[in-house]
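To start, the structure itself, in structure tokens.
The values are calculated or read from the model by the stated rules, or taken from the named source; none is laboratory data. None of these values were measured; they are calculated from a predicted model. Using ideal geometry, Cβ is built from the backbone for each residue, glycine included, and neighbour counts are taken over all protein chains shown. For accessibility, only protein heavy atoms count, side chains too; no ligands or nucleic acids. Shrake-Rupley method; radii C 1.70, N 1.55, O 1.52, S 1.80 Å.
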Amino acid sequence: MNRGLILQFENLVQLRVACRQLHTLSYRKVYRAQWKPVQSSAHPMWSVLLYPQFWQKDKLISVALPQCRHLATKEGTKKKKKKIPLTKGEVEIRQKMTVEELARAMGKDIDHIYEALLYTDVDLDSLEPDSVLYEDHIKLIVKKSGMKYKSAKLKEEKERENTDAVKRPPADPAVLTPRPPVVTILGHVDHGKTTLLDSLRKTQVASMEAGGITQHIGAFLVHLPSGEKITFLDTPGHAAFSAMRARGTNVTDIVILVVAAEDGVMQQTIESIQHAKNAGVPLILAINKCDKSEADPERVKKELLAHDVVCEEFGGDVQAVNISALKGENLMVLAEATVALAEMLELKADSTGLVEGTVIESRKDKGKGPVTTAIIQRGTLRKGCVLVAGKTWAKVRFMFDENGKAVDAASPGIPVEIMGWKEVPSAGDEILEVESEQRAHEVVAWRTYVEQQEKMKREVEVIEEKQKEHRMEYEKKQQKLAHLTWRQRKVVLYKANKHLIFSKPKERTEMDKNVLSVIVKGDVDGSVEAILNILDSYDAEDECKLDIIHFGMGDISETDINLAEAFNGVVFGFSVKANDSIKQLAAKKGIKIKLHNIIYKFIEDLKDELNSRLPPSVVENTIGEASVLNIFSVTVGKSKIPVAGCRVQKGLLDKKMKFKLIRNGDVIWKGSLSSLRHHKDDVQVIKMGMDCGLSLDKHTEFSIGDEIICYEEKEVQQTTSWDPGF
């Protein structure tokens with residue numbers, strides 16, 4: 001069959017595919033359609049066949065449609081707009097016109113715009129009637145349509161008035177009153193920070209924490225026998241909670257650095273020192289566990305010198321107190337040192353006017369709804385106050401202290417739990433009181449608008465970058481085909497794109513085994529933040545892709561299970577619960593729910609799930625080695641089979657196992673033995689020191705000095721190379 005007939009046959013096939021795709025168009029975008037004839041296109045159908053790169057489904061339809069009929073919805077017919085009359089073929093254009101707006105301005109239908117863009121670098125697959133066109137594409141379409149364009153007069157967009165809430169100016173020193181110091185306790189994990197607070201408060205906080213490790217910030221008001229009050233923030237010492245420690249130092253006046261006397265300076269100790277320096281907060285050193293026999297407080301002080309923490313006895317300004325938090329030794333000395341430093345700092349605040357504060361922690365409580373723990377920094381918070389934080393607001397319904405007791409007011413320096421939020425604000429957000437609910441709506445609307453504008457700006461940058469890449473790729477393809485005739489170009493493009501022409505719609509298939517989709521739920525905002533920060537450090541995408549499909553606060557819900565089912569994922573919960581009905585639903589759908597209360601166990605379980613997604617690796621286990629001492633051949637039928645006379649040097653040779661022939665360090669052959677003999681007897685096993693004769697196959701020749709290796713293959717489960725850093 002000659003070449004011309006082949007090309008004609010291909011053209012007929014392609015035309016048939018286009019017609020079939022046209023037939024199914026009504027199921028793609030347009031419903032309840034009616035037919036309406038339109039004018040024939042200026043571009044004949046054969047032009048499509050010259051450019052097979054546009055034979056994808058949507059593009060073929062966009063070209064074939066004008067040849068036949070145009071589909072329009074009934075609703076569209078009812079709301080049909082009059083075409084703008086043209087003045088001497090001029091089109092008034094402006095920046096950021098959509099496809100639909102340009103078609104209306106030109107007095108054309110939308111398909112005309114698609115046709116004009118057919119041979120450009122525009123991705124027609126992603127082009128919708130409401131898609132924004134670039135200015136150079138708008139001008140190109142107008143020129144191709146035989147018209148002229150003129151720029152519309154730019155209407156200056158009114159700048160939106162800033163309605164954000166801001167802090168009040170600094171207060172008059174005359175109205176300032178003393179306030180309790182806010183003290184953050186920092187240090188390495190398990191160095192006794194929560195036990196210290198427990199001894200000060202005379203409660204059992206540490207025993208309630210999972211594994212004795214603080215999982216999120218606790219804010220407590222401690223009343224000393226002298227009548228002084230100190231607000232303490234207990235921050236997690238685990239490596240995962242770096243962001244929470246940094247947030248604690250940003251709202252604090254004094255940092256108590258807890259270091260275990262027997263362990264000395266550790267990784268999170270150094271990080272805590274850096275947080276305090278960055279915040280410009282003074283330090284008090286509490287050397288804990290001094291009751292132990294291996295305690296060495298002097299070593300701790302000397303180790304801290306390397307990090308610019310100089311104690312008073314070495315000529316510095318850092319107070320050092322040796323304590324035993326467990327036995328309650330020297331705790332009053334530490335408290336007095338804290339009060340003395342607070343007096344030197346002369347901590348005062350304005351307790352009048354609108355409230356200002358900071359969200360220390362936030363969570364979604366099943367009975368209370370969105371709840372925040374906050375430190376009041378200015379003003380006095382009372383029931384009924386309207387607050388804004390981030391992009392949410394609250395009308396204070398109830399307030400509680402650290403013991404869950406309801407309070408009516410909270411003055412500066414006092415930690416308080418606030419109920420009444422519409423949504424959960426983020427930890428670290430600034431709290432500001434506003435005059436009314438209407439004002440709160442204005443502030444939230446403005447902040448949402450600013451975020452949207454910033455998001456749009458980022459998206460435009462990404463789109464422009466993608467467009468640039470697409471254009472460069474298109475130009476490269478055109479350059480490669482520039483030297484070919486149109487017939488040669490047609491053949492090349494057909495071969496490159498024929499898999500797209502005849503491909504069927506993809507049906508739902510099983511998810512890739514090398515992908516782990518996870519849903520993360522946590523008890524509070526800070527816990528979820530810490531887990532996401534750990535997952536952000538995942539760097540083993542080449543082994544197994546980690547896909548976080550959803551995260552949030554609160555107990556495991558039915559929505560989480562359904563989402564996990566859709567993505568073949570696993571639900572991970574941190575300090576949250578899943579009730580029996582949710583567990584039954586998950587079991588029915590085959591969804592794993594992993595619940596943990598300790599961060600490092602959470603990460604270990606996640607790594608186990610990643611490992612289970614990795615394909616097993618095949619490991620060769622050597623059983624025996626033999627060396628070739630002599631070579632001869634045996635005639636079998638009409639063929640001569642090479643045979644090697646060998647001696648087993650190590651282990652044994654087992655005929656059931658696999659063998660490989662090594663010559664000068666290179667593997668020449670791999671497979672199973674044809675025969676294994678000792679003297680004249682066929683055997684299964686040859687032990688070390690024994691001689692034997694063996695043959696591989698009739699094509700593989702031996703050389704004296706070759707090595708024969710007997711081995712077995714075992715599948716070993718791979719482990720991920722990801723190291724979260726703790």
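Just a few scattered comments:
- Across the stretch 603-611, computed HN-Hα scalar couplings (Karplus, 6.51 cos²θ - 1.76 cosθ + 1.60, θ = phi - 60°) run 5, 4, 5, 4, 5, 4, 5, 4, 4 Hz from first to last residue, x flagging Gly and Pro.
- Carbon + sulfur, % of accessible area of the stretch 256-302 - ligands and nucleic acids excluded, 1.4 Å: 46
- J(HN,Hα) series, the stretch 300-307, from Karplus relation 6.51 cos²θ - 1.76 cosθ + 1.60, nearest Hz, glycine and proline x: 4, 4, 5, 5, 6, 4, 5, 10
- Whole-angstrom gap from the stretch 313-369 to the stretch 574-649, using each part's C-alpha centre: 54
- Per residue convex hull volume, Cα atoms of the stretch 571-723, in Å³: 190
- Rounded if a/c under 1.5, otherwise prolate or oblate - the stretch 515-613, Cα gyration tensor axes: oblate
- Within straight-line cross-link reach of K457, aspartates and glutamates at Cα separation under 15 Å, skipping those fewer than 8 residues along the same chain: E465
- Whole-number percent relative contact order across the stretch 616-717, with pairs defined as alpha carbons under 8 Å at least 6 apart: 41
- Accessible area of the stretch 515-613 belonging to carbon and sulfur atoms, whole % at 1.4 Å probe: 46
- Extension reserve of the S617-E459 stretch, reckoned as 0.36 nm per residue once the Cα distance is removed: 52.7 nm
- Here H678 and E541 are evaluated by their C-beta separation; at R0 = 56 Å the FRET efficiency comes out at 0.60.
- Residue-by-residue Karplus 3J(HN,Hα) for the stretch 665-670, coefficients 6.51, -1.76, 1.60, Hz, glycine and proline x: x, 9, 7, 8, 8, 9
- Accessible surface of D317, taken over heavy atoms with a 1.4 Å probe and every protein chain present, rounds to 130 Å².
- Those aspartates and glutamates that a straight Cα-Cα span of less than 15 Å connects to K687, excepting residues fewer than 8 apart in one chain: E625, D654
- Cα-projected label distance for I668 with A171, points at 7 Å along beta-carbon direction, nm: 9.3
- Cross-linked pairs K521/K607; K656/K714; K476/K545; K108/K150; K366/K455; K193/K348: Cα-Cα separations exceed 23 Å for K476/K545; K366/K455; K193/K348.
- The gain in end-to-end length when the V310 to L354 segment is fully stretched comes to 11.8 nm, 0.36 nm per residue minus the alpha carbon separation.
- Over 27 Å between alpha carbons, listed pairs K277/K368; K391/K592; K640/K680; K422/K583; K143/K466; K139/K468: K277/K368; K391/K592; K422/K583
- Stokes-Einstein diffusion of the stretch 337-414 at 10 °C, 1.306 mPa s viscosity, Kirkwood radius from Cα pairs, rounded to a whole number: 115 µm²/s.
- Probe 1.4 Å, protein heavy atoms only - accessible area per residue of the stretch 616-717 in square angstrom: 61
- Average accessible surface for the stretch 515-613: 44 Å² per residue, computed with a 1.4 Å probe over protein heavy atoms with every protein chain in place.
- In the stretch 515-613, a dipole from Cβ-located charges (positive for Lys and Arg, negative for Asp and Glu) runs towards its positive end, and of C544, L595, I519 it is L595 whose Cα lies farthest in that direction.
- Per residue, the stretch 90-151 exposes 48 Å² of accessible surface when a 1.4 Å probe is rolled over the protein heavy atoms with every protein chain present.
- Taken over the stretch 90-151, the convex hull of the Cα atoms encloses 69 Å³ per residue.
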